[in-house]
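Chemist: Can you read through this structure? Questions will come right after.
The values are calculated or read from the model by the stated rules, or taken from the named source; none is laboratory data. Being a predicted model, the structure only gives us computed values, none of them experimental. Glycine gets a Cβ as well: all are built from the backbone with ideal geometry, and neighbour counts include every protein chain shown. We work out accessible area using only protein heavy atoms, side chains counted, and drop any ligands, DNA or RNA first. Shrake-Rupley method; radii C 1.70, N 1.55, O 1.52, S 1.80 Å.
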Amino acid sequence: MNDLLGVVDWSRAQFALTAMYHWLFVPLTIGLSLIVAVMETIYVRTGLPRWKGITKFWMTLFGINFACGVATGLILEFEFGTNWSNYSWFVGDIFGAPLAIEGIVAFFMEATFVAVMFFGWNRVSKGFHLTSTWLTAIGVSLSALWILVANSWMQNPVGMKFDLAQMRNVMDNFWEVAFNPVPVNKFFHAVFSGWTLAGVFVIGVSCWLLWRKRNVEAAKSSLKIGTWVGLAGILLTLWTGHGSAVQVSKVQPMKLAAMEGLYRGSVGQDLVGVAVLKGEDSRTDEDPMLFSIDIPSGLSYLVYGESDRFIPGIRDLINGFTIDQNGDTVNTVSYADRIALGTKSREALARYGEAVKAGDTAAAAQAATDVEENFKYFGYSYLSSPEAAIPPVGMTFYSFRIMVMAGGYLLLLFVVLLFLSYRKTQYLEKPWLNWVGILSIAVVWICSQAGWIVAEVGRQPWVIQDLMPTNAAISDIPASSVQITFWIFAAIFTGLLIAEISIMLRYIAASSKNDIENPTH
């Protein structure tokens, strides 16, 4: 058992390590591809050579980041086979389909047109080159779409059925998998957050150029584009974030409760603004906060658009308790009952296998009926207790607030910079403002990482919501093997990140000493 827990913990840590490093590169790739396409569009429409130089400057930074994102993404997909083979067997037919589409369609689309984008200057027409740049940007977003479809299916498994003959899940409705509301909201939320991140990145680099008094006009022009894209991104991110929260309340209410540190819900539930949780030992269902500043009835209104609706807390969900729209108490399926029903389904599955081996068709048919009757609770049979279904509340709660507060800061940053870019341009060269822009690069990456922590930690202990917990999804390998590869990957990814930052800084510094608007190469 200790070795099993070690394999689970180390496999989770390794996947989290790979995913978080990968997500350092992905949103910048998504956003920079759009910004580069916008800049080249300005060049083609105006015919001004300076915009070609500016476009090529940012395109090179995009290329450096793109290569690093590909390297980490490939390792991430391999880990499903090496560390999570039970998961891959159980739902591989479903989960693999969107990943295959991503590889065949989106990735090849990116690879084809990114070559024209980088090496097609003066070899193809302006129109064809611009089209290639936009198709690269579209390909990057399509790549994110299919990966997020796969991820969202894990959070809301639909469009499938359990095949008793194979004892695994198979897809029976591709369109339900692809376009259920969870991946739709998650896709747009991720893409728009990429616009936000890339906008801040462009602002930060532009502010460095302004601070060093190099390529001032190119920096100001770039800063305007970055600010406009970033502002559009943060506004749309807030909008899609609301949509995602509504979906979470429907398909992952335990995650929503953890995000709010909510143990006992109420009608007209307040939305926690700023708060500090008590330690786990001193936390109680009635009073989990040391202090909090709340928005009255805010959570009920956020989720339902009505201030008098009931939002269940962690204990309400575990005990199977809710209040309907009429104010009546309603008993739902408690987590203890889910464990019992899931165990019945799992035991029936074992009986089905034995009956098939014995050739007893009547017993097999009855067992099949019993499996299907409670299969939606199948995953709960692997939980040791109802409390095992509670995600890490502290990490989810604080990550959510870090994301929201950082997002509010970024919105303010974009509004201020946009005003200064058109009304008070002299302030753009103030050293203090330049350093605000530079340091905001760290803020936007913290915001981005915090969002993914909420999404992934908040759904624990589930690999597939309600269907397969992490302790049932791992490969049968020794914990020591995962530990070794964890540290190997940590060293490789850290080296890759250092290399990317070093190459980018060297390129920015070298290019800034020349005229970015009229490069010699």
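Chemist: Using only Cα atoms, find the angle between the long axis of helix 479-512 and the longest principal axis of the chain, and express it within 0 to 90 degrees, rounded to the nearest 10.
Modeler: 20
Chemist: Rounded to two decimals, what is the ratio between the C-alpha radius of gyration of the range 91-168 and 2.2 N^0.38 Å?
Modeler: Cα-based Rg divided by the globular estimate yields 1.52.
Chemist: Still on this structure, please answer the following. Tally up the carbon and sulfur contribution to the accessible surface of the range 315-429 as a whole percent, 1.4 Å probe, everything protein left in place.
Modeler: 56
Chemist: Per residue Cα convex hull volume for the range 255-342, in cubic angstrom?
Modeler: So the per-residue Cα hull volume is 100 Å³.
Chemist: Would you compute the Debye intensity of the range 395-484 from its alpha-carbon atoms alone, equal scatterers and no solvent, and pass along log10 I(q)/I(0) at q = 0.20, 0.23 Å⁻¹ to two decimals?
Modeler: At q = 0.20, 0.23 Å⁻¹ the computed log10 ratios are -0.97, -1.08.
Chemist: Moving on. Which value, in debye to the nearest 20, gives the size of the charge dipole of the range 363-521 about its Cα centre, when Lys and Arg are +1 and Asp and Glu are -1 at the Cβ?
Modeler: The dipole of the range 363-521 has a size of about 920 debye.
Chemist: When ranked by the protection proxy of mean other Cβ atoms within 10 Å per residue, highest first, what sequence do the peptides 346-358, 439-451 form?
Modeler: Packing order, densest peptide first, comes out as 439-451, 346-358.
Chemist: Show the residues, 5+ positions off or on another chain, whose built amide H is closer than 5 Å to the amide H of F321.
Modeler: T332
Chemist: Hey, another quick one. What is the helix-to-structure angle for 431-457, meaning the angle in degrees between its Cα long axis and the longest Cα principal axis of the chain, kept from 0 to 90 and rounded to the nearest 10?
Modeler: With both axes taken from Cα atoms, the answer is about 20 degrees.
Chemist: Sort 90-99, 476-485 by packing, meaning the average of other beta carbons within 10 Å per residue, with the highest value first.
Modeler: Result, highest mean Cβ count within 10 Å first: 90-99, 476-485.
Chemist: Is there a quick way to get the dipole size of the chain? I mean about its Cα centre, with the Cβ of Lys and Arg at +1 and of Asp and Glu at -1; what is the value in debye to the nearest 20?
Modeler: That gives the chain a dipole magnitude of about 2720 debye.
Chemist: Okay, next question. DSSP loop chymotrypsin sites (Phe, Trp or Tyr not before Pro) in the range 487-518 with at most 16 other Cβ atoms within 10 Å of their Cβ, which ones?
Modeler: In loop regions of the range 487-518 (DSSP not H, G, I, E or B), there are no sparsely surrounded chymotrypsin sites (Phe, Trp or Tyr not before Pro).
Chemist: Pop out the carbon and sulfur fraction of the accessible area of the range 126-190 as a percent, whole number, probe 1.4 Å.
Modeler: After summing per-atom areas, the C and S share lands at 68 percent.
Chemist: Could you size up the charge dipole of the range 214-268 around its Cα centre, putting +1 on the beta carbon of Lys and Arg and -1 on that of Asp and Glu, and report it in debye to the nearest 20?
Modeler: That gives the range 214-268 a dipole magnitude of about 60 debye.
Chemist: Under the 0.36 nm per residue contour assumption, what length would be gained going from the current alpha-carbon distance of D294 and A232 to full extension?
Modeler: Difference between extended and current length: 19.5 nm.
Chemist: From the mean inverse distance of alpha carbon pairs (Kirkwood) and the Cα radius of gyration, derive Rg over Rh for the range 2-110.
Modeler: Ratio of gyration radius to Kirkwood radius for the range 2-110: 1.16.
Chemist: Counting only heavy atoms of protein chains, what accessible area per residue, in Å², does the chain have with a probe of 1.4 Å?
Modeler: That works out to 45 Å² for each residue.
Chemist: Kirkwood hydrodynamic radius, computed over distinct alpha-carbon pairs, for the range 78-208: how many Å, to one decimal?
Modeler: 16.9
Chemist: Students often check this: by mean Cβ neighbours within 10 Å, which of 41-51, 398-408, 457-467, 24-34 ranks highest, and how do the rest follow?
Modeler: So the order, starting with the most tightly packed, is 24-34, 457-467, 398-408, 41-51.
Chemist: If you don't mind, there's one more thing I want to ask. Between 0 and 90 degrees, rounded to the nearest ten: what's the tilt of helix 335-358 against the longest Cα principal axis of the chain?
Modeler: 70
Chemist: Which of rounded, prolate, oblate describes the range 324-395, given a ≥ b ≥ c as roots of the alpha-carbon gyration tensor eigenvalues and a/c under 1.5 marking rounded, otherwise prolate only if a/b is larger than b/c?
Modeler: oblate
Chemist: Now for a different question. Anything over 18 Å Cα to Cα? Flag those among K52/K213; K186/K250; K126/K224; K161/K250, in the order listed.
Modeler: Cα-Cα > 18 Å for K52/K213; K126/K224; K161/K250; rest within.
Chemist: To continue, here is another question. Pick out, from N215, L197, P181, the residue whose Cα sits farthest towards the positive end of the charge dipole of the range 143-217, with +1 on the Cβ of Lys and Arg and -1 on the Cβ of Asp and Glu.
Modeler: N215
Chemist: How many percent of Cα pairs in the chain exceed 29 Å?
Modeler: I get 57 percent for the Cα pairs in the chain exceeding 29 Å.
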